[in-house]
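Chemist: Got a structure for you, written out below as structure tokens; questions coming shortly.
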Amino acid sequence: MPDNAKYRILCTRPLPGNLIAEAGDHGITVEVQDFIQIKPLANKDLLGEENMIRIFSDNTIPIVFTSAHAADIFLRYYLHNSDTFYIISNPICCINGNTKKLLQQELPENPILAEASYGKDLAAAIIALDNIREVHFFCGNQRRDELPQSLRDAGITVNEYVIYENTPTPTVVADEYDGIMFFSPSAVKSYFSANRLPLKTVCFAIGRTTATLLREYTDNKIIMAPFTDAESMVKTAIFYFNNINCYE
């Protein structure tokens, strides 16, 4: 731990180097241990030029993402890989934070019709739109039911494409940390399948769903980031440890 570091945080997924450096500038050492592995899956309904053209022949059908993993894998492995570079103009409905940022960066011409912080709220935003009868939903093998079920209950056809696998990679953590950052319910389950949380350790949760699951595993203090992205998580941790007396 650097000489000026007062606190140590374990992050349960990779973080950009600039955010680790920012935490270090505020006396916080961030150590990374990935507790889930994301593996792209070959979806037969998306592979091949003919299938891609068929799926996106109607550019009015929104494409829907509730995770940055789904957005990243769709862009890198299906839309813009080493063999193909498809251009689509379909509008986007997505979770805000990292997911929205990635889609805006890679598909800047595609309008964002709806956004929200959570799947249930995103479903409500989509349902409130005029004339949405069908969506393409890209997700992982452990996706939650709220969004697709809410859309189907509202009479919207959901074409669901599972494009990645979320696999737990639990690891025994020998050291004690002042805080642990959790970015998904999957990471929470993976961590607690192999570890018990020290009493002093603060949990930082990226959103409501992750925080709710954490409460099933621990009575330790849980701090929820105001926005669902990595930068917000790091800034939340910095603010907490720089103003720790306010939380006592």
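The values are calculated or read from the model by the stated rules, or taken from the named source; none is laboratory data. Not measured: the values here are computed from a predicted model. Note that we place each Cβ from the backbone using ideal geometry, even for glycine, and neighbour counts take in every protein chain shown. Just so you know, the surface numbers come from the protein's heavy atoms only, side chains and all, with ligands and any DNA or RNA stripped out. Shrake-Rupley method; radii C 1.70, N 1.55, O 1.52, S 1.80 Å.
Chemist: What net charge do the residues around GLU106 carry, taking every other residue with its C-beta under 12 Å from that of GLU106, with Lys and Arg at +1 and Asp and Glu at -1?
Modeler: +1
Chemist: Could you state the number of Å between the C-alpha centres of the range 91-164 and the range 63-79?
Modeler: 11
Chemist: Write down the percent of antiparallel bridges among all DSSP beta bridges whose residues are both part of the range 62-149, to the nearest 5.
Modeler: Of all bridge pairs located within the range 62-149, approximately 10 percent are antiparallel.
Chemist: Could you tally the net charge around ILE88, taking each other residue with its Cβ under 12 Å from the Cβ of ILE88, Lys/Arg +1 and Asp/Glu -1?
Modeler: Result for the local shell: -3.
Chemist: Excluding ligands, DNA and RNA, what is the solvent-accessible area per residue of the range 63-204 at a probe of 1.4 Å, expressed in Å²?
Modeler: 47
Chemist: Same structure, new question: About the Cα centre of the chain, how large is the charge dipole given +1 on each Lys and Arg Cβ and -1 on each Asp and Glu Cβ? Please answer in debye to the nearest 20.
Modeler: Magnitude of the dipole: close to 500 debye.
Chemist: Where in the range 147-248 are there trypsin sites (Lys or Arg not before Pro) that are in a DSSP coil and have at most 12 other Cβ atoms within 10 angstrom of their Cβ?
Modeler: Answer in residue order: ARG196, LYS200.
Chemist: Right, next: Mind listing the phi-derived Karplus ³J(HN,Hα) values for the range 138-144, rounded to whole Hz, using 6.51, -1.76 and 1.60 with θ = phi - 60°, and x for any glycine or proline?
Modeler: 3J(HN,Hα) across the range 138-144, in whole Hz: 9, 7, x, 6, 10, 5, 7.
Chemist: Loop-only chymotrypsin sites (Phe, Trp or Tyr not before Pro) in the range 83-131, please: DSSP not H, G, I, E or B, and at most 14 other Cβ atoms within 10 Å.
Modeler: Passing sites in the range 83-131 are TYR86.
Chemist: What is the range 157-243 by shape, rounded, prolate or oblate, if you read a ≥ b ≥ c off the alpha carbon gyration tensor as root eigenvalues and call it rounded for a/c under 1.5, prolate for a/b larger than b/c, and oblate otherwise?
Modeler: Oblate is the answer for the range 157-243, as a/c is 1.5 or above yet b/c matches or exceeds a/b.
Chemist: Using a 10 angstrom cutoff on alpha carbons, build the Gaussian network for the chain and name the most mobile of ASN166, ASN81, ASN98.
Modeler: Between ASN166, ASN81, ASN98, it is ASN81 that shows the largest mean-square fluctuation.
Chemist: If I take all pairs of Cα atoms in the chain, what percentage of them are more than 33 Å from each other?
Modeler: 25
Chemist: For a quick check, take a GNM of the chain with Cα springs below 10 Å and name the residue from ASP175, ASP34, ASP25 with the largest mean-square fluctuation.
Modeler: Greatest mean-square fluctuation among the candidates belongs to ASP175.
Chemist: Could you tell me which of the pairs LYS100/LYS235; LYS101/LYS189; LYS39/LYS200; LYS101/LYS235; LYS200/LYS235 are separated by over 29 angstrom between their Cα atoms in the structure shown?
Modeler: Violating the 29 Å Cα-Cα cut-off are LYS39/LYS200.
Chemist: Can you tell which of LEU41, LEU113, CYS11 lies farthest toward the positive end of the dipole of the range 7-116, using +1 and -1 charges on the Cβ of basic and acidic side chains (Lys, Arg; Asp, Glu)?
Modeler: Most positive-ward Cα: CYS11.
Chemist: Hey, any idea what % of the chain's accessible area is carbon plus sulfur with a 1.4 Å probe?
Modeler: 48
Chemist: Among DSSP beta bridges whose residues both lie in the chain, state the antiparallel percentage, nearest 5.
Modeler: Approximately 15 percent, going by the DSSP bridge assignments.
Chemist: Between THR171 and GLN149, how high is the FRET efficiency from 1/(1 + (r/R0)^6) when r is the Cβ-Cβ distance and R₀ = 35 Å? Nearest 0.05.
Modeler: Computed FRET efficiency for THR171 and GLN149: 0.55.
Chemist: Assuming 0.36 nm per residue, please report the length gained on full extension of the stretch ALA194 to ILE87 beyond their Cα-Cα distance.
Modeler: Gain in length upon complete extension: 34.1 nm.
Chemist: Next question. Given the rule -39500 (n - 2.57) for each run of at least 4 DSSP H residues, summed and divided by the residues of the chain, what is its mean residue ellipticity at 222 nm, to the nearest 500 deg cm²/dmol?
Modeler: Computed ellipticity for the chain at 222 nm equals -9000 deg cm²/dmol.
Chemist: Next up: Can you list the trypsin sites (Lys or Arg not before Pro) in the range 43-135 that are in a DSSP coil and have 10 or fewer other beta carbons within 10 angstrom?
Modeler: Counting only loop positions with at most 10 other Cβ atoms within 10 Å, the trypsin sites (Lys or Arg not before Pro) in the range 43-135 are LYS44, ARG133.
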